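**Student:** Sharing a structure below in structure tokens format, with a few things to ask.
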Amino acid sequence: MTYDPMAPENSFQGLILTLQRYWAEQGCVILQPYDMEVGAGTFHPATTLRALGPRPWKAAYVQPSRRPKDGRYGENPNRFQHYYQFQVILKPSPDNLQELYLDSLKAIGLDPTVHDVRFVEDDWESPTLGAWGLGWECWCDGMEVSQFTYFQQVAGVDCNPVSGELTYGLERLAMYIQGVDRGFDLNFNGRQGAEKITYGDVFRQAEQEYSRFNFEHADVELLKRHFRDAEQECQALLTAGDKDGRHEMAMPAYDQAIKASHAFNLLDARGVISVTERQSYILRVRELAKGCGAAWLKTEAGGAVAA
Amino acid sequence: MPDFLLELFSEEIPARMQAKAADDLRRLVTDALVERGLTYEGAKAFATPRRLALVVGGLAARQPDRHEERKGPRVGAPEKALEGFLKAAGLASIDDAVVQSDPKGDFYVARIHKHGRATTEVIADVMPDIVRGFPWPKSMRWGSGSLRWVRPLHAIVATFAAPQEEAEVIRFEIDGIVSGDVTRGHRLHAPGEIRVKRFDDYVDSLQKAHVVLDAERRRDIIRADARTLAQAQNLELVEDAALIDEVAGLVEWPVVLMGSFEPEFLEVPDEAIRATIRANQKCFVLSDPATGRLANRFILTANLDAADGGAAVIHGNERVVRARLSDARFFWETDKKIRLEDRLEKLKSITFHEKLGTQYERVDRIARLAKELAPLVGADPQKAETAARLAKTDLVTEMVGEFPELQGLMGRYYAAAEGLDPEIAAAIEEHYKPQGPSDRVPTAPVSIAVALADKIDTLVGFWAIDEKPTGSKDPYALRRAALGVVRIVLENGLRLPILKILILALVNYIYQGYPDIDEQHFENLEFLNRIELIKNIQAAVTSEMRSPTIMQGAERFSLRKGGNALVNLIYFMADRLKVQLREQGARHDLVDAVFGSSAPSALEGEGKVRGDGGGSSGQGAAPTPEPSPQGGGESAPASGARQNDDLVLVVRRVEALAKLLATEDGENLLAGYKRAANILKAEEKKDGAGAFEGALDPALLSDPAEIALSGALDVAEPAAADAVAREDFAAATSALGALRPQVDAFFDQIMVNAPDPALRANRLKLLARLRRATRAVADFDRIAG
């Protein structure tokens, strides 16, 4: 048998490509990562906004996710401030979503006849997005490899129809499939010998640099200003875009909500937010997200009928 | 008689919800059937991760027929009335009704025969509402539907089958799901459709399809197989009932396997290993009888017969366990690098409660209180103070951050690793105890001092800001804290002036300058007059604490009248005590009777109590901060709270009373007492309350029976009072019990309400005296019978 560098068990990128191909075959549009800093794949408008309104939607994409507080200066081989999520959203959630998910594991080389896959209760909530859903964490041989959620509410709006959301933790899944214990040791490109590029080769330096930034150097006053600016801009766009029962700028407004959320995450990492302030920041972002959700419902993609 | 089989097949139901859901299903369905006149012989419900099932056995095939008569209007009534009657009774014409005569005239009567409906129809009728209204703790919608269930509901089996007969499918539809006779087996092993007829073949088919329907059986399999695997390695399974329940709710087909990890990880304390493996992996740990410690093995429960015999599953689980244990070892090693004492500073940044300050301030209060309590419980004050200061420091260790359930325990390990005094190390763990009614109570003196201080500080603080538990809401577990205090005091036989300790705890808050403490709740410490209170507070305030703030606080609290938070708190503890005593079999009314009695206060016997306690208070260094309010003149009005704050005495009194009432003398005395009390009550209504409380006139005693009772009381009353003062409650109750013959004779031979008013008043005074005498022990009014 010849060695296939693109096989999911041989390379990180092979895993991503396999998942993309699998979900493309299920009719998903394969999107690229959203070009903004977000804390999770759910923030991508392809999930947050598209989960709202009556229109069917199927999408899959990789989303680089930034959690400034999780940085460890590259010293912890499994804890990163930047990592990848593979996100799938199917609206309405199909009856066979669990089977589709299990088949995707099979596609990346997890043979269901020898691996123990389990759906363990885990309800999901995002206070900043005003979103929650019920579902499970999916365990493979005792390791959590995915999150499986039926969205009930997003941006404060009840989801109808309900979307099914799958989130694969790519690094962890790849570590399991490649059989390595340290994230930095993941084979990224599937090559061997001198041509081999590891996850650490790609990201270790970034982890070090961003940890310095996140924890020590990010300018607090500037971030606070950014937060206020984004908040104001979001509100301004929500007002300006609202015309005759329709909305013309829901998406740009939502970008500003994302910006505010990331500024908050950085401030949090800098350790300058007290417990009570924290709550108030979260509420402010949620208000923005709610405004954007309401605006989205007044757009064509949000299901508003032509005036 | 036919059986009804029901299965609701869904995506994975959370393990913690399964048992209750099965129970709810059984209750809802059988209630609905009974309500509709359908009886049954038995019903049993089951749950697996993917299905709820119910069998109702011995059901009637139909509802019984019903006959009823409905009386209508008078013959010759207006057309409108007749129409209304026909419509209501469901008759086509008035000819279908019969005419009946009664004294008021001739009336139409409809005779309605209602044929009972087939049970299958009734079931089809009631099921949709039961499913739609099912009481899941959390439910959800999915796809484009509107139905709510715990997770998406996919199929419903509903069959009705009499023995020897074809099974019938009961059809109904709920949001597009049509009931039928098709289910599925294990997700991997038997994903195809399975047709079922009745309960027996249902269970068999599922078993063949790798589904063990009964959770009890799944638990048995897991337990038995785990033990077998353990024994094969000469190890013992560390039993964990809650974990077995959970794991049995995660699998339909339990396959028990054993994994191992590197022995180096055993450097980590056993409890941390167990917490790691249990919380993250839902696996069991094993102990090695040879060492008494954990073994480097664990038991996992898979949900399949793996094609490779479980090799991949074990390998995968081992990898995760290894990763988690290396985290745990990392926490253990790094935590030990910082001394507990050096962690205190970090507690300043953790809020305990926004109105009650930081954890640091809390620890400061607990340490002061523990030091004060130490001599009363025979502990070294310095050790108690140190233990209290360190008691919460493990909250800021990595290990406890990861596994909050290890709080206290890790503190103990870290304290031991630092070489701290073993009594201090033990107290750090045990100060949280008892956690619940069945948890162990600390018995080591230093542990007792810190455990009491911790709980009392919390109780007083939350009472001070009026955050008492209400109904089922008790977010700060204050009931548990109060019960903890009660149990620690009783089980260690501690003689503590609780009320004064509460005041000390309150003083700690005042000292920290908590103006947020709601003053109005303390406005009226009615039970203490202000002199006594100021004395208490001044005595509690050690010289280092003496400051204008605290003196003002003392002044403030003592100048008001009305509120009574601390008294309320004592009553709250008394309630816990009642619950506790009742659970131990004491009669509820006796507990009430003792709490209602006007026996002298333990507080006043302060000096003596301390002397009895033989505490190590005389160590010289610390000045005795306790007051000794001996000047009798300033004592406050009587109050149950302050008299009964010595819980040990309350219990002894209850016991003595129970003994007395178990005797014939006691029983008759009680009867006599009740008679006396009733007469007094009636006569006091005429003459005014307290009319007979004065001293009687011996010269007016004429009948031998009343002379005898008076004489007996002359003996019994001081004897009972004296015995109570000696805390010899058996003697007190038997002194009262000795009154019985005179009481009996009195009621036999004497007419209380004599025509001569002076004689009547004198006799009533005699009865009032009897009433007072019994109060020394208990309020007999509150005793039932």
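The values are calculated or read from the model by the stated rules, or taken from the named source; none is laboratory data. Since the structure is predicted, the reported quantities are computational estimates derived from the model, not experimental observations. Heads up, the Cβs are rebuilt from the backbone with ideal geometry, glycines too, and the neighbour counts pull from every protein chain shown. Side chains included, ligands, DNA and RNA excluded: accessible areas come from the protein's heavy atoms. Shrake-Rupley method; radii C 1.70, N 1.55, O 1.52, S 1.80 Å.
**Student:** Restricting things to alpha carbons, find the Rg to Rh ratio for the range A:251-301 using the Kirkwood radius for Rh. Display every interim value, and only then the final one.
**Tutor:** Values: Rg = 12.7 Å, Rh = 11.7 Å.
Radius of gyration relative to Kirkwood radius: 1.09.
**Student:** Shifting gears a bit: Along Cα→Cβ, 7 Å out, is where each label goes; now give me the distance between the ones at A:Glu25 and A:Lys106 in nm to one decimal.
**Tutor:** Each label point lies 7 Å from its Cα, and together they span 1.0 nm.
**Student:** For the range A:219-296, max minus min Cα coordinate along each principal axis, in Å, sorted largest first?
**Tutor:** That works out to 43, 20, 13 Å along the principal axes.
**Student:** Efficiency by 1/(1 + (r/R0)^6): what FRET value for B:Asp240 and B:Thr39, r their Cβ-Cβ distance, R0 = 45 Å, to the nearest 0.05? Each step should come with its number before you reach the end.
**Tutor:** Working: r = 41 Å, r/R0 = 0.92.
It comes to 0.65.
**Student:** While we're here: Need the C-alpha centroid separation for the range B:373-431 versus the range B:672-706, integer Å.
**Tutor:** The two parts, judged by their Cα centres, are 60 Å apart.
**Student:** A further question on this structure: As a test question: what accessible area, to the nearest 10 Å², does B:Ser349 have when a 1.4 Å probe is rolled over all protein chains in place?
**Tutor:** Surface open to solvent at B:Ser349 totals about 90 Å².
**Student:** If I stretch the segment between B:Arg16 and B:Arg171 completely, what's the gain in nm (0.36 nm per residue apart, minus their alpha carbon distance), one decimal? Don't skip to the end; give the middle numbers.
**Tutor:** On the way: separation 155, 0.36 × 155 = 55.80 nm, distance 3.07 nm.
Going from the current span to full extension adds 52.7 nm.
**Student:** Return the FRET efficiency for the residue pair B:Ala118, B:Asp23: r is the Cβ-Cβ distance, R0 is 30 Å, and the value is rounded to the nearest 0.05. Intermediate values should be presented prior to the final figure.
**Tutor:** Working: r = 28 Å, r/R0 = 0.92.
According to the calculation, E is roughly 0.65.
**Student:** Roughly speaking, what % of Cα-Cα pairs in the range B:1-160 are separated by over 25 Å, rounded to a whole number? Mind dumping the intermediate values first?
**Tutor:** Details: 6372 of 12720 pairs.
Result for the distance tail: 50 percent.
**Student:** Got a sec? Charge dipole of chain B, +1 on Cβ for Lys and Arg, -1 for Asp and Glu; which of B:Leu206, B:Pro475, B:Pro163 is way out at the positive end?
**Tutor:** The Cα lying farthest towards the positive end belongs to B:Pro475.
**Student:** How far, in degrees from 0 to 90, does helix A:250-269 lean away from the longest principal axis of the Cα atoms of chain A, to the nearest 10?
**Tutor:** 70 degrees
**Student:** Using only C-alpha positions, report the orientation-averaged shadow area of the convex hull of the range A:12-213, nm², one decimal.
**Tutor:** On the way: hull surface 46.2 nm².
Mean projected area for the range A:12-213: 11.5 nm², to one decimal.
**Student:** Here is a further query. In the range B:675-755, which trypsin sites (Lys or Arg not before Pro) are in a loop and have at most 11 other Cβ atoms within 10 Å, using DSSP for the loop call? Walk me through the numbers on the way to the answer.
**Tutor:** Numbers: sites: B:Arg675, B:Lys681, B:Lys685, B:Lys686, B:Arg726; in loops: B:Arg726.
Sites meeting the loop and neighbour criteria: B:Arg726.
**Student:** Hey, another quick one. Gap in Å between the Cα centre of the range B:119-133 and the Cα centre of the range B:142-187?
**Tutor:** Cα centres, the range B:142-187 to the range B:119-133: 12 Å.
**Student:** Let me ask another. Put a dot 7 Å past each Cα toward the Cβ at B:Glu83 and B:Lys685; how far apart are the dots in nm?
**Tutor:** Each label point is offset 7 Å from its Cα along the Cβ direction, giving 6.1 nm.
**Student:** Calculate, for the range B:215-330, the solvent-accessible area per residue in square angstrom, rolling a 1.4 angstrom probe over the heavy atoms of the protein chains.
**Tutor:** Numbers: 4630 Å² over 116 residues.
I get 40 Å² per residue for this part.
**Student:** Another question about this same structure. For peptide B:310-316, what's the mean number of Cβ atoms from other chains within 10 Å of each residue's Cβ?
**Tutor:** Mean partner shielding for this stretch: 5.
**Student:** Sticking with this one: Per residue and in Å³, how big is the convex hull formed by the alpha-carbon atoms of the range B:663-782? It would help to have the intermediate numbers written out before the result.
**Tutor:** Working: hull volume 11.6 nm³, N = 120.
Spelled out: Cα convex hull of the range B:663-782, divided by residues, is 96 Å³.
**Student:** Once the Cβ-Cβ distance between B:Ala311 and B:Lys337 is put in as r, and R0 is 35 Å, what FRET efficiency do you end up with, to the nearest 0.05? Please list the in-between numbers first.
**Tutor:** Values: r = 39 Å, r/R0 = 1.12.
Approximately 0.35, to the nearest 0.05.
**Student:** If you don't mind, another one. Only bridges whose two residues both fall in the range A:1-109 count here: according to DSSP, what percent of them are antiparallel, nearest 5?
**Tutor:** On the way: 10 of 13 bridges.
For the range A:1-109, the DSSP antiparallel bridge percentage is about 75.
**Student:** Now a separate question. Provide a whole-number value for the mean count of partner chain Cβ atoms within 10 Å of the Cβ atoms in peptide A:157-170. Each step should come with its number before you reach the end.
**Tutor:** Details: counts 0, 1, 3, 4, 6, 7, 2, 3, 0, 0, 0, 0, 0, 0.
Across A:157-170, the average partner-chain Cβ count within 10 Å equals 2.
**Student:** Skipping prolines and chain starts, which residues have an amide H placed within reach, meaning under 5 Å, of the one on A:Tyr84, given they are 5 or more residues away or on another chain?
**Tutor:** Long-range HN contacts for A:Tyr84: A:Ser65, A:Leu170, A:Glu171.
**Student:** In peptide A:118-124, how many Cβ atoms from other protein chains are near each Cβ within 10 Å, on average? Working shown, then result.
**Tutor:** Details: counts 9, 9, 7, 13, 1, 3, 0.
Mean partner-chain Cβ count within 10 Å for A:118-124: 6.
**Student:** Quick one: in the protein assembly as shown, what % of C-alpha pairs are over 45 Å apart? Walk me through the numbers before you get to the answer.
**Tutor:** Values: 327012 of 595686 pairs.
Across the protein assembly as shown, Cα pairs with separations above 45 Å total 55 percent.
**Student:** Compute from the Cα atoms of the range A:14-65 the Rg and the Dmax, the latter being the longest Cα-Cα distance, and quote both in angstrom.
**Tutor:** 11.4, 35
**Student:** Could you pull out the chymotrypsin sites (Phe, Trp or Tyr not before Pro) across the range A:45-80 that fall in loop regions by DSSP (anything but H, G, I, E, B) with no more than 16 other Cβ atoms inside 10 Å?
**Tutor:** Values: sites: A:Trp57, A:Tyr61, A:Tyr73, A:Phe80; in loops: A:Tyr73, A:Phe80.
Answer by residue number: A:Tyr73.
**Student:** Could I ask something else about it? Whole-Hz Karplus ³J(HN,Hα) for the range B:46-54, in order, using 6.51 cos²θ - 1.76 cosθ + 1.60 and θ = phi - 60°, x for Gly and Pro?
**Tutor:** 9, 9, 10, x, 10, 7, 10, 10, 8
**Student:** Okay, moving on. So for A:Met175, B:Met127, A:Met6, what's the accessible-area order with a 1.4 Å probe, most first? Intermediate values should be presented prior to the final figure.
**Tutor:** Numbers: A:Met175 25, B:Met127 0, A:Met6 70 Å².
Order by accessible area, largest first: A:Met6, A:Met175, B:Met127.
**Student:** Please arrange B:His115, B:His315 by accessible surface area, largest first, computed with a 1.4 Å probe and ligands excluded.
**Tutor:** Numbers: B:His115 145, B:His315 105 Å².
If we order B:His115, B:His315 from most to least accessible, we get B:His115, B:His315.
**Student:** Which of B:Met140, B:Val654, B:Pro404 sits closest to the plus end of the dipole of chain B, meaning its Cα is farthest towards the positive end, when Lys and Arg get +1 and Asp and Glu get -1 on the C-beta?
**Tutor:** B:Met140
**Student:** Using a 7 Å offset from the Cα along the Cα-to-Cβ direction at both A:Met6 and B:Ala695, what is the distance between the two label points in nm, to one decimal?
**Tutor:** 11.4 nm
**Student:** Considering only protein heavy atoms, with the full assembly of protein chains and a 1.4 angstrom probe, order B:Ile112, B:Ile707, B:Ile366 by accessible area, largest first. Working shown, then result.
**Tutor:** On the way: B:Ile112 30, B:Ile707 85, B:Ile366 5 Å².
If we order B:Ile112, B:Ile707, B:Ile366 from most to least accessible, we get B:Ile707, B:Ile112, B:Ile366.
**Student:** Using a 10 Å cut-off on Cβ atoms, rank the peptides B:93-106, A:217-230 from the highest mean neighbour count down.
**Tutor:** Details: B:93-106: 10.9, A:217-230: 14.9.
Highest-to-lowest ranking by the protection proxy: A:217-230, B:93-106.
**Student:** Now for a separate question. What's the extension gain from B:His588 to B:Ala477 if we count 0.36 nm per residue and subtract their Cα-Cα distance? Each step should come with its number before you reach the end.
**Tutor:** Numbers: separation 111, 0.36 × 111 = 39.96 nm, distance 2.42 nm.
Going from the current span to full extension adds 37.5 nm.
**Student:** Give me the dipole magnitude in Debye, nearest 20, for the protein assembly as shown about the Cα centre, with unit charges on the beta carbon: positive for Lys and Arg, negative for Asp and Glu.
**Tutor:** Here the protein assembly as shown has a charge dipole of around 1440 debye.
**Student:** Ordered by residue, what ³J(HN,Hα) values in Hz, to whole numbers, does the range B:162-177 give under the Karplus form 6.51 cos²θ - 1.76 cosθ + 1.60, where θ = phi - 60° and Gly and Pro are x?
**Tutor:** Running phi through 6.51 cos²θ - 1.76 cosθ + 1.60 with θ = phi - 60° gives 8, x, 6, 10, 4, 7, 10, 8, 8, 9, 7, 10, 10, 6, x, 8 Hz.
**Student:** Using alpha carbons only, how many degrees (0 to 90, rounded to 10) separate the axis of helix A:12-25 from the longest principal axis of chain A?
**Tutor:** On a 0 to 90 degree scale, this one is about 60.
**Student:** Probe radius 1.4 Å, ligands and nucleic acids ignored: give me the carbon and sulfur share of the accessible area of chain B as a rounded percent.
**Tutor:** Details: 17040 of 34120 Å².
The nonpolar share, carbon plus sulfur, comes to 50 percent.
**Student:** May I pose another question? Using a 1.4 angstrom probe and counting only protein chains, how large is the accessible area of A:Arg182 in Å², to 10?
**Tutor:** 100 Å²
**Student:** Separate question: Taking H as built 1.01 Å from N, whose amide H comes closer than 5 Å to the amide H of B:Ala295, not counting residues under 5 places away?
**Tutor:** Result for B:Ala295 returns B:Leu286, B:Ser287, B:Asp288.
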